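Every number here is computed from the coordinates shown, using simple stated rules; none is lab data. In this text, all values refer to a predicted model and were calculated from it rather than measured experimentally. We place every Cβ from the backbone using ideal geometry, glycine too, and count neighbours over all the protein chains shown.
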Amino acid sequence: MRPSRFVRGGLALLLLGVLLLALGGCGPRRGATAADETTTSSPPPPAAPTADGSYAVGMAGGRFEPPRLVVPAGETVTFSNTDKVKHAVLPDVADQGGPNSDEEFPKGMKPGDSYQWIAPSNVAVGTILAYHCRYRGGPGDGTTVGTGMAGVLEIGPAAPPKPQY
Ligand SMILES: [Cu+2]
């Protein structure tokens, strides 16, 4: 009788283990994965154009906002220095067609200055044009966002024609 009790004990332990696996292994892990997707995803999701269809990037508090923006070729992005200090928008990789506020503001963008850049149509959809601020940021390698005050523009597919009302 001893062996059979032993077997039954083992079976109970096995069942307990399966139960713990089902509860501890699966349930919480599913929740953790969902949490990971929302907390560890970098760069942040691309921002949409503003209500009037324009694209804007703010410069304040040592960061570009939004730090990542998908812009269809031919669309204009307005970078506005809404801060109390100077900023600049410089391409991480020169001659890539990215924004360069030095062309208009070689000594930096003062508070209140705004710089407009038109997304080039001679680059492929999905091209990343990374930029940074000379004063509070550093460049990435051209495909990654730089350090500190830095941002990324991604060339999106051409925008559908605006509805006529
Ligand atoms: Cu800056």
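Brief remarks follow.
- Here the gap between VAL85 and GLU103, fully extended at 0.36 nm per residue and compared with their Cα-Cα distance, gives a gain of 4.6 nm.
- Amide H to amide H, with H built 1.01 Å from N, GLY62 comes under 5 Å of no residue 5 or more places away or on another chain.
- In terms of surrounding Cβ atoms within a 10 Å radius of their Cβ, HIS132, HIS87 rank from fewest to most as HIS132, HIS87.
- Separation in nanometres of the label points that stand 7 Å from Cα toward Cβ, at ALA124 and ASP141: 1.8 nm
- Put simply, the amide H of ASP92, placed in the peptide plane, has neighbours under 5 Å in ALA130, TYR131, HIS132, leaving out anything fewer than 5 places away on its chain.
- Note on LYS110 and GLN164: the extension gain reaches 15.7 nm, defined as 0.36 nm multiplied by sequence separation minus the Cα-Cα distance.
- Put simply, the amide H of VAL85, placed in the peptide plane, has no neighbours under 5 Å, leaving out anything fewer than 5 places away on its chain.
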